[in-house]
1. Kindly check whether there is at least one residue in the range 21-41 that is hydrophobic (A, V, I, L, M, F, W, C), more than 18 Å from Tyr123 (Cα to Cα), part of a loop (DSSP other than H, G, I, E, B) and open to solvent by 50 Å² or more (accessible area, probe 1.4 Å).
2. Of the residues Glu264, Glu240, Glu179, Glu174, only one is open to solvent by 100 Å² or more (accessible area, probe 1.4 Å), over 30 Å from Gly146 (Cα atoms) and modelled with pLDDT of 80 or more; which?
3. With the condition being under 25 Å from Val38 (Cα atoms), I'd like the helices (runs of 4 or more DSSP H) fully within the range 98-164 carrying at least 3 qualifying residues.
4. Determine whether the range 193-212 contains at least one residue that is open to solvent by 20 Å² or more (accessible area, probe 1.4 Å), assigned to a helix (DSSP H, G or I) and either at positive phi or touching a Gly at 6+ places or on another chain (Cβ under 7 Å) (or both).
5. Can you name the residue in the range 100-132 that is hydrophobic (A, V, I, L, M, F, W, C) and open to solvent by less than 10 Å² (accessible area, probe 1.4 Å) and is also farthest from the chain's Cα centre (by Cα) among such residues?
6. Would you point out the residue of the range 64-81, among those that are of a type outside the set (Phe, Trp, Tyr) and surrounded by 19 or more Cβ atoms within 10 Å (Cβ to Cβ), that is nearest to Val159 (Cα to Cα)?
7. Test of understanding: among Asp225, Asp214, which residue is at pLDDT 65 or above, within 36 Å of the chain's Cα centre (by Cα) and farther than 30 Å from Phe137 by Cβ?
8. Is one or more of the residues making up the range 55-62 open to solvent by less than 80 Å² (accessible area, probe 1.4 Å) and under 30 Å from Gly142 (Cβ atoms)?
Amino acid sequence: MFDTTETTIPITMKDNYFKFSLSVIALPVFSVLLLWTVFWANARFGLHLREYGIYPRTLEGLRGIIFSPFLHGDISHLFNNSIPLFILLAALRFFYREVTFKVLGYGILFSGILTWIIARDAYHIGASSLIYVLVSFIFFKGIRTGYYRLVALSMMVVVIYGGLIWFVFPGVDEAISWEGHLSGLITGFAFSLLYKTPDYQKEIRYDWEKPGYDSSEDKFMQRFDENGNFVNPPPPPEPEPEIFPGYTFVYNFIPERNEDNPQED
């Protein structure tokens with residue numbers, strides 16, 4: 001269910017890893033249209049789908065674990081969930097495409113189960129639990145990777161949706177399901193720990209970035225003393241002085257004299 005296999009992708013592949021595809025737009029568009037279609041059908045035909053929400057600690061309420069994210073109480077509730085859901089789904093699909101459907105599917109399931117366990121006795125509906133799953137996962141996962149693009153995404157999530165943190169506490173607004181928000185936040189954080197995404201390694205450009213680098217063998221580092229002060233290199237050795245300065249010696253080869261036959265010399 002959870003993929004904990006580590007994968008290493010060098011930094012030179014980072015631009016190839018983040019690829020735009022039609023699903024980056026199609027997934028959030030389809031999801032939001034589905035919410036609006038369900039809301040329209042419920043209002044048009046009087047289906048009373050609110051009763052399919054999560055009702056804690058009852059067998060009948062278990063069905064809400066699956067159906068509650070698609071149900072909304074009024075147009076304002078639906079509109080307030082549609083925009084962040086669209087943005088967060090697009091970000092999830094673009095930056096974490098390999099775990100997108102796992103985060104969505106298991107996020108709905110586990111946040112719903114936790115809501116069913118801890119929530120007040122009332123019907124809990126809306127996609128806000130899933131939104132908290134996405135906010136929590138994207139924020140904590142980006143921080144854990146340490147990769148500048150994903151950290152920047154985490155910071156954007158904080159700037160845009162940081163105020164959502166107040167709605168995980170009881171008493172802020174009795175009309176909202178703080179239990180569902182808290183469940184989504186916990187679930188997203190757990191997924192950021194369980195789901196492994198590629199580790200981003202900095203491209204090695206210099207010798208000092210290599211794992212086996214030894215500064216004592218580095219010619220440049222040898223120019224510094226133990227206090228970090230630059231030390232001039234030793235002067236080159238002086239050439240040995242000539243024994244007879246000013247004289248030039250010319251060497252000629254003289255063959256060995258033959259003592260037995262001096263006429264041959």
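1. yes
2. So the residue among Glu264, Glu240, Glu179, Glu174 that is open to solvent by 100 Å² or more (accessible area, probe 1.4 Å), over 30 Å from Gly146 (Cα atoms) and modelled with pLDDT of 80 or more is Glu174.
3. Result: 100-118, 128-145.
4. Initially, the range 193-212 is screened for residues open to solvent by 20 Å² or more (accessible area, probe 1.4 Å), giving 193-194, 196, 199-212.
Right, trim to assigned to a helix (DSSP H, G or I) and you get 193-194, 207-209.
Narrowing the set further to residues that are either at positive phi or touching a Gly at 6+ places or on another chain (Cβ under 7 Å) (or both) leaves none.
No.
5. Going residue by residue through the range 100-132, those that are hydrophobic (A, V, I, L, M, F, W, C) are 101, 103-104, 108-110, 113-114, 116-119, 122, 125, 127, 130-131.
Now drop any that are not open to solvent by less than 10 Å² (accessible area, probe 1.4 Å), which leaves 103, 119, 127, 131.
Values: Val103: 14, Ala119: 32, Ala127: 24, Ile131: 18 Å.
Selected residue: Ala119.
6. Among residues in the range 64-81 that are of a type outside the set (Phe, Trp, Tyr) and surrounded by 19 or more Cβ atoms within 10 Å (Cβ to Cβ), the one nearest to Val159 (Cα to Cα) is Asn81.
7. Within the list Asp225, Asp214, the selection yields Asp214.
8. no
The values are calculated or read from the model by the stated rules, or taken from the named source; none is laboratory data. The structure displayed is predicted, hence computed values, not measured ones. As a convention, Cβ positions derive from the backbone with ideal geometry for all residues, glycine included, and neighbour counts pool all protein chains shown. Heavy atoms of the whole protein, side chains included, go into the accessibility calculation; ligands, DNA and RNA do not. Shrake-Rupley method; radii C 1.70, N 1.55, O 1.52, S 1.80 Å.
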